[in-house]
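Everything on this sheet refers to the single structure shown next.
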């Protein structure tokens, strides 16, 4: 199996992954409001980074939703054109996992300490 096939299979697996819940209505509103800024191939990391560093819990939920969308958009792009950077798929996977942890903690009573 060639490197492009391996990357394509990994990207497809990440797109099917539902570790981060899509059940929060405000997430969809946030993503829709931010759609005008775009989430092109070079934009996913700054959007993700902003989500990870957000101090406000309410703003963090919005930024997490936006980062999830940026990662999903980049994974879609990688399905047709592999990245010039072989680590990008792994970086996207790690970012997805960290957003899931952050989102999980944001939804729990104990997780509030992250923003207090």
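Here is how the numbers come out for the structure above:
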| item | result |
| --- | --- |
| For the stretch 38-95: rounded, prolate or oblate by the Cα gyration tensor [a/c cutoff 1.5] | prolate |
| Gain upon complete extension [residue 84, residue 101; 0.36 nm per residue less C-alpha separation] | 3.3 nm |
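Rule-based calculations on the coordinates, nothing more; no lab input. Computed from a prediction, not measured in an experiment: that's the story for all the values here.
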